[in-house]
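To start, the structure itself, in structure tokens.
The values are calculated or read from the model by the stated rules, or taken from the named source; none is laboratory data. Source: prediction; values computed, not measured. Every residue, glycine among them, receives a Cβ derived from its backbone with ideal geometry; neighbour counts consider all protein chains shown.
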């Protein structure tokens, strides 16, 4: 791993991947960029905060490829939250890559918070951040994958974050979702004192080279500013769909094409974070 201020940082940098439109590639890109960073020598924890647990499914299949191990859990995420000890269910996937798994019972988290903090909305939003704090000493990055909805789960993840990557699939509804999402971040800052910045808008092509995709990209540049869009975009790669079934493989030219693409995107991600940190330290 190259020497940089991130690797020298004592605590993990927390990053949420978001958009208020479902199916934009949040889970795919948070998991693949985390995987790429782990390949580059960064120690990464992926927190699956979506009760659908798609990131958990992908990573457990990937772990099975590496270790031939079928993972079973004695406790769910909600049980770990009730114990106030998330570390007990953190699961190693491969070298430098770890998972905080989600389970269907995480859908009960909002109700749990209402009971724990009946009259304090701010405390509900901030609680996950306090649970995450002990884990920060062990990683370079903590990525959070959240549902595509306005909810206490998303609010809590964003409050715990230092940065946000807005995942933008090149279609009009995703663009609208990204606009709403970026505007919503300001309300979190105003209402709860969140301290986070957008590290960039990551474009994900629905169809490579299609007129609609190119038009949406141009609209995004006009809305957000070209400097705020990742220069490296995620092309439509069929192999990514296969990973959902098999786990993340690296066996042939199609796999290598995917990994090369995400290696480049991960390096731009690091550069963007470094630039943001340098700006803050001035």
Inspect all residues belonging to segment 153-170 and state whether any of them is over 30 Å from residue 78 (Cβ atoms) and out of contact with any strand residue (DSSP E or B) (no Cβ under 7 Å at 6 or more places or on another chain).
-> no
With the condition kept exactly as written, say whether any residue in segment 210-220 is at pLDDT 95 or above and touching a strand residue (DSSP E or B) at 6+ places or on another chain (Cβ under 9 Å).
-> no
Do we find a residue being within 21 Å of residue 110 (Cα to Cα) and surrounded by 20 or more Cβ atoms within 10 Å (Cβ to Cβ) anywhere in segment 60-68?
-> no
For segment 200-219, enumerate the residues that are touching a residue at least 40 places away in the same chain (Cβ under 8 Å), under 15 Å from the mean Cα position of the chain (by Cα) and at negative phi.
-> 202, 204
Consider residue 75 carefully, then state whether it is surrounded by fewer than 17 Cβ atoms within 10 Å (Cβ to Cβ), over 21 Å from the mean Cα position of the chain (by Cα) and modelled with pLDDT under 95.
-> yes
Could you pull out the residue among 251, 268, 274 that is in a helix (DSSP H, G or I) and farther than 29 Å from residue 212 by Cβ?
-> 274
Filtering segment 140-173 down to residues that are out of contact with any helix residue (DSSP H, G or I) (no Cβ under 8 Å at 6 or more places or on another chain) and crowded, with 24+ Cβ neighbours inside 10 Å, which residue is farthest from residue 125 (Cα to Cα)?
-> 169
Segment 98-121 - residue that is in a loop (DSSP other than H, G, I, E, B) and in contact (Cβ under 8 Å) with a residue 12 or more places away in the chain and, of those, farthest from residue 12 (Cα to Cα) = 103
Based on what the data block shows, is residue 73 closer than 19 Å to residue 165 by Cα and assigned to a loop (DSSP other than H, G, I, E, B)?
-> no
Would it be correct to say that residue 56 is in contact (Cβ under 8 Å) with a residue 12 or more places away in the chain, outside any loop (DSSP other than H, G, I, E, B) and out of contact with any strand residue (DSSP E or B) (no Cβ under 6 Å at 6 or more places or on another chain)?
-> no
Selected residue (criterion: nearest to residue 181 (Cα to Cα)) from residues of segment 122-139 that are touching a residue at least 60 places away in the same chain (Cβ under 8 Å) and surrounded by fewer than 16 Cβ atoms within 10 Å (Cβ to Cβ) | 122
Subset of segment 159-199, residues farther than 22 Å from residue 129 by Cα and in contact (Cβ under 8 Å) with a residue 60 or more places away in the chain, comes to 167, 168, 169, 173, 174, 176, 177, 178, 180
Working only within segment 174-200, note down all residues that are over 16 Å from residue 14 (Cβ atoms) and surrounded by fewer than 17 Cβ atoms within 10 Å (Cβ to Cβ).
-> 176, 180, 183, 184, 186, 187, 190, 191
Selection status of residue 84, surrounded by fewer than 19 Cβ atoms within 10 Å (Cβ to Cβ), at pLDDT below 95 and assigned to a loop (DSSP other than H, G, I, E, B) | no
